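Step one of this worksheet: look at the structure below.
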Amino acid sequence: MIPYGKQDIIEQDIKAVVAVLNSKFLTQGPCVPAFEEALATAVNAKNAVAVNSATSALHIACLALGVQQGDYVWTSPITFVASANVGRLCGAEVDFVDINLNTYNICPINLEKKLIEAEKVGQLPKVIIPVAMCGQSTDMASIKSLSIKYKFKIIEDASHAIGARYNGQFVGCGKYADVTVFSFHPVKIITTAEGGVAVTNDNKIADRMRLIRSHGVTRDIKMMNKTSEGPWYYQQLELGLNYRMTEMQAALGQSQLLRLGPYVKKRTELAKLYHEQLSDLPIELPTPVTGSESAWHLYVILLHDKLRRKEVFDTLLKKHVQVNVHYIPVHTQPYYQQLGFNEGDFPVSEDYYSRALSIPLFPAMTQKQQDYVVHSLKDALR
Ligand SMILES: *Cc1c(COP(=O)(O)O)cnc(C)c1O
């Protein structure tokens, strides 16, 4: 079976993890801060806060930005459910902005229309979570200028996009988003098994995310409201969680991070080859966004004929090509339907979903495997 995505673990990664297992700290040691520093440097951000998943990173980002009951959080219907759920977990109302078929992400024109309507009824969002779908940053400059006019914060869900660039700068550099989140789940660009990180250039937001990541508890005297009672002393300043990353995960992450550049390069080459070899089929290929250099987490094609999607999917599976579909529109999930969303609410997203197919793409993919995928797809579409 050729998987749609797959982690790449080398001897160096294993050694790094084993070294931690033989060391003094399995958690709350030196590896997490070292990984955070390396990661912040890699994406040109001031602060990185590593946690046990990207979902946790999105959650602490929302909490640190003060999202609460009575607030509105908007995201794309075409994302993993976590991007929307974190708003709900903070007690906020969640809404969606329909995508366009160029970016597979929030359409800035739809966004502006929706903001104008929301302003009239006094329901402007506190936070918008655009998704760097497939590894490609969306039109962040437009979203950023709307954020200034309508006073919302931006959390970029770049779970797919570590190592990607936008307007010549790394995603996560903080020029467009208040907080950017990356995931280290094994199918993503680099992995820590489970894990994620929130990066920000705002020191206050970073401090607050660090606090919330670990029970809202601090041992930093400067943050306390009275003098320390002794070396054991700590204070809980607000309500927090235990979202900490382990030392083993951080060591794996730091080892993987050394290969971020080569991974993105390999993914880009594979995507280019797909582009050349699939261009005369009855499908739409991913369109590059101007100024964006994708990390190519996913290669999503859109079939012209939605009625054939299941058949093509099944045929490829039979040929041991593990295709996938990213994503089922979040507003069509039973949980969101209970909240009042209906099929038909976001027609472009639903059309996208009905025709989408993610074909295999991972750094260890061989030429032979890619040729086989191309060949099988051509057969399946015949
Ligand atoms: C993977 C993913 C997440 C969740 O990441 P975890 O690290 O598994 O919590 C969130 N959003 C998007 C777009 C993702 O692809």
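In this rough spin-label picture, where each label sits 7 Å from Cα along the Cβ direction, the residue 269-residue 339 distance is 4.3 nm. Report the FRET efficiency, 1/(1 + (r/R0)^6), for residue 372 and residue 235, where r is their Cβ-Cβ distance and R0 is 45 Å, rounded to 0.05. The calculated FRET efficiency here is 0.15. Note that region 252-257 has calculated 3J(HN,Hα) couplings of 5, x, 5, 5, 5, 4 Hz, one per residue in order, obtained from phi through the Karplus relation 6.51 cos²θ - 1.76 cosθ + 1.60 (θ = phi - 60°); glycine and proline are x. Under a 5 Å amide H cut-off, with hydrogens placed 1.01 Å from N, residue 292 pairs with 167 among residues at least 5 apart or on other chains. Applied to region 92-107, the Karplus parametrisation 6.51 cos²θ - 1.76 cosθ + 1.60 on θ = phi - 60° returns per-residue 3J(HN,Hα) values of 7, 7, 10, 9, 10, 10, 5, 8, 10, 7, 7, 9, 6, 9, 2, 7 Hz, with x for Gly and Pro.
Multiplying each eigenvalue of the alpha-carbon gyration tensor of the chain by 5 and taking the square root yields semi-axes of 35, 27, 17 Å, largest first, rounded to whole angstroms. How far, in degrees from 0 to 90, does helix 31-43 lean away from the longest principal axis of the Cα atoms of the chain, to the nearest 10? So the helix axis and the longest Cα principal axis differ by about 50 degrees.
Close amide-amide hydrogen proximity is noted between residue 156 and 178, 179, 180, 181, each under 5 Å apart and 5 or more residues distant or on a separate chain (H modeled in the peptide plane; Pro and chain starts excluded). If you bin all the Cα-Cα distances of region 245-286 at 10 Å, starting from zero, the percentages per bin are 25, 29, 22, 18, 7.
All distinct Cα pairs of region 221-372 go into the 1/r average, and the inverse of that average, the Kirkwood radius, is 19.9 Å. For residue 311, project a label point 7 Å along Cα to C-beta. Then give me every residue of region 346-375 with its amide nitrogen under 18 Å of that point. Counting only backbone N, you get 354-357.
In the chain, the calculated helix contribution to ellipticity at 222 nm averages -11500 deg cm²/dmol per residue, counting -39,500 (n - 2.57) for every DSSP H run with n ≥ 4. Each principal axis of the Cα cloud of region 115-192 was taken in turn, and the coordinate range along them, longest first, works out to 44, 25, 17 Å.
Taking 13 Å as the cut-off, the amide N atoms of region 344-382 that come nearer than this to a point 7 Å along the Cα-to-beta-carbon line of residue 325 belong to 350-358. Residues whose amide H comes within less than 5 Å of that of residue 27, counting only those at least five positions distant or on another chain, are 247 (H built at 1.01 Å from N in the peptide plane).
Work out, step by step, the length gained on full extension between residue 142 and residue 46: first 0.36 nm times the residue separation, then minus their alpha carbon distance; give nm to one decimal.
32.2 nm
Taken over the C-alpha atoms, region 183-290 has Rg and Dmax values of 21.5, 73 angstrom. Modelled this way, with points 7 Å down the Cα-to-C-beta line, the labels at residue 25 and residue 217 are 1.6 nm from one another. The ranking of 150, 336 by Cβ neighbour count inside 10 Å, starting from the fewest, reads 150, 336.
Within the chain, DSSP assigns beta bridges of which about 65% are antiparallel (rounded to the nearest 5). Against the longest alpha carbon principal axis of the chain, how many degrees, from 0 to 90 and to the nearest 10, is the axis of helix 260-278 turned? Long axis of 260-278 versus the principal axis of the chain: about 20 degrees. Rounded to the nearest 10 degrees, the angle from helix 54-64 to the longest Cα principal axis of the chain is 50 degrees.
Read-outs: derived from the displayed coordinates by stated rules, not from any lab. A quick note: this is a predicted structure, and the numbers were derived from the prediction, not measured. Cβ coordinates were reconstructed from backbone atoms using ideal geometry, including for glycine residues, and neighbour counts include every protein chain displayed.
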